[in-house]
1. What single numbered condition from (1) modelled with pLDDT under 95; (2) at positive phi fails to hold for Arg241?
2. Return the total of residues in segment 202-220 being touching an Asp or Glu at 6+ places or on another chain (Cβ under 6 Å) and touching a residue at least 60 places away in the same chain (Cβ under 8 Å).
3. Please indicate, with yes or no, whether at least one residue in segment 241-254 is outside any loop (DSSP other than H, G, I, E, B) and either buried (at least 17 other Cβ atoms within 10 Å of the Cβ) or among the β-branched types (Val, Ile, Thr) (or both).
4. Looking at segment 278-303 only, could you name the residues that are assigned to a helix (DSSP H, G or I), in contact (Cβ under 8 Å) with a residue 60 or more places away in the chain and surrounded by 14 or more Cβ atoms within 10 Å (Cβ to Cβ)?
5. Are any of the residues in segment 221-235 in contact (Cβ under 8 Å) with a residue 60 or more places away in the chain, surrounded by fewer than 20 Cβ atoms within 10 Å (Cβ to Cβ) and under 16 Å from the mean Cα position of the chain (by Cα)?
6. Hey, among the residues in segment 31-52 that are within 29 Å of Ser69 (Cβ to Cβ), among the aliphatic types (A, V, I, L, M) and not in a loop (DSSP other than H, G, I, E, B), which one's modelled with the highest pLDDT?
7. Name the residue, out of Asn90, Asn50, Asn86, that is touching a Ser or Thr at 6+ places or on another chain (Cβ under 9 Å) and surrounded by fewer than 16 Cβ atoms within 10 Å (Cβ to Cβ).
8. Would you point out the residue of segment 99-121, among those that are hydrophobic (A, V, I, L, M, F, W, C) and surrounded by 14 or more Cβ atoms within 10 Å (Cβ to Cβ), that is farthest from Phe160 (Cα to Cα)?
Amino acid sequence: EFIFPERDLTNDQLASAEVIVGGELSESELGMAKSLKLFQIPFTGVDQQNLNVFKRFPQVNVCNTHGNSSAVAELAFCLLLALAKNLIYNDRELRKGEWHGYITQEPTIQLAGRSLGIIGLGAIGLEISRRAISFGMEVYAVKRTLKKEEDLQKRYNLTFLGTIEQLEYVISQSDFIVVALPLTAKTENIIDGPMLQLMKGKYLVNVGRGKVVNEEALYRFLKNRTLAGAGIDTWYQYPNRDFPQRLPSKFAFQELSNVVMSPHSAGYTDKSVEENVLEVYNNIKRVFEGEEPENKVNLEEGY
């Protein structure tokens with residue numbers, strides 16, 4: 001039986017539910033959900049969830065989906081290309097009859113032969129690396145946990161793959177940097193002022209989570225042109241019922257000409273919606289057939 005409640009689940013529904021998709025559960029609600037085997041988050045990000053409450057209920061599998069990986073990688077490259085080719089500015093100028101980058105003006109940047117640093121080589125980071133290789137770029141990457149048996153460096157033809165401790169090295173070797181980290185207690189503000197200073201003259205793209213990059217420092221280094229530019233899809237403040245129209249930061253990123261802004265839309269495409277639904281369905285099927293679900297969230301690490 002499938003139930004699609006318009007409001008919170010009743011006590012009887014909680015008591016009988018074997019799978020719950022989406023929403024949030026309190027500790028008391030989890031205590032009532034005696035039959036619950038799977039709490040399925042129908043998207044990738046889990047930073048909105050209070051994962052700590054699930055630690056006291058080890059019989060409940062907490063899973064997310066990764067059906068948006070290709071979609072997010074595409075948007076990351078869209079932002080990267082827009083920066084390298086000065087696309088937004090040139091589009092606006094040409095509409096006024098101004099021809100920039102046409103023989104006599106400054107050339108744009110060619111990606112082939114350049115290096116890309118990927119901070120966070122999860123499902124999204126791997127998809128970004130595939131696209132970078134196809135553009136003729138060298139890829140340097142860091143991953144929070146490395147497993148020898150995966151041998152990702154060889155499989156994905158990466159120039160370098162290290163742990164987060166080697167973040168400074170990856171930044172130093174890269175012309176462009178893409179952040180694809182989830183937001184956890186360990187990753188919040190991991191790209192701080194000193195890290196951004198290392199990116200002097202480089203381009204930064206963030207498709208992970210806004211707060212992985214220090215908000216004030218990012219604005220300051222973009223405004224004073226320490227950073228050459230940034231493409232940002234994930235932000236610091238979002239619209240809500242009280243503020244249905246809202247700028248994405250307390251700092252005036254919208255006034256900076258070296259920033260390409262995207263409204264946290266990377267993961268939302270026609271195909272990614274289908275892929276996420278399919279992953280949810282497959283996990284429900286696995287649970288009812290007595291198998292282990294996929295994409296289990298690490299409650300200790302927070303992703």
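1. Every condition holds for Arg241 apart from (2).
2. The total comes to 1.
3. Within segment 241-254, the subset outside any loop (DSSP other than H, G, I, E, B) is 253-254.
Imposing the further condition that a residue be either buried (at least 17 other Cβ atoms within 10 Å of the Cβ) or among the β-branched types (Val, Ile, Thr) (or both) reduces the set to 253.
Yes: segment 241-254 contains one or more residues that are outside any loop (DSSP other than H, G, I, E, B) and either buried (at least 17 other Cβ atoms within 10 Å of the Cβ) or among the β-branched types (Val, Ile, Thr) (or both).
4. Going residue by residue through segment 278-303, those that are assigned to a helix (DSSP H, G or I) are 278-288.
Next cut, in contact (Cβ under 8 Å) with a residue 60 or more places away in the chain only: 278-280, 283-284, 287-288.
Hits for segment 278-303 are Glu279, Val280, Asn283, Ile284, Val287.
5. No.
6. Of segment 31-52, the ones within 29 Å of Ser69 (Cβ to Cβ) are 36-52.
Those still in the list that are among the aliphatic types (A, V, I, L, M) too: 36, 38, 41, 46, 51.
Within this subset, residues satisfying the condition of being not in a loop (DSSP other than H, G, I, E, B) are 38, 51.
Numbers: Leu38: 98, Leu51: 94.
Step by step, filter segment 31-52, then rank; the result is Leu38.
7. Values: Asn90 fails: surrounded by fewer than 16 Cβ atoms within 10 Å (Cβ to Cβ); Asn86 fails: surrounded by fewer than 16 Cβ atoms within 10 Å (Cβ to Cβ).
None of the others qualify; the one that does is Asn50.
8. First, pick out the residues of segment 99-121 that are hydrophobic (A, V, I, L, M, F, W, C): 99, 103, 109, 111-112, 116, 118-119, 121.
Checking which are surrounded by 14 or more Cβ atoms within 10 Å (Cβ to Cβ) leaves us with 109, 111, 116, 118-119, 121.
On the way: Ile109: 23, Leu111: 18, Leu116: 11, Ile118: 10, Ile119: 12, Leu121: 12 Å.
That would be Ile109.
The values are calculated or read from the model by the stated rules, or taken from the named source; none is laboratory data. These numbers were taken from a predicted model, which means no experiment stands behind them. Note: ideal-geometry Cβ built from the backbone for every residue, glycine included; neighbour counts use all protein chains shown.
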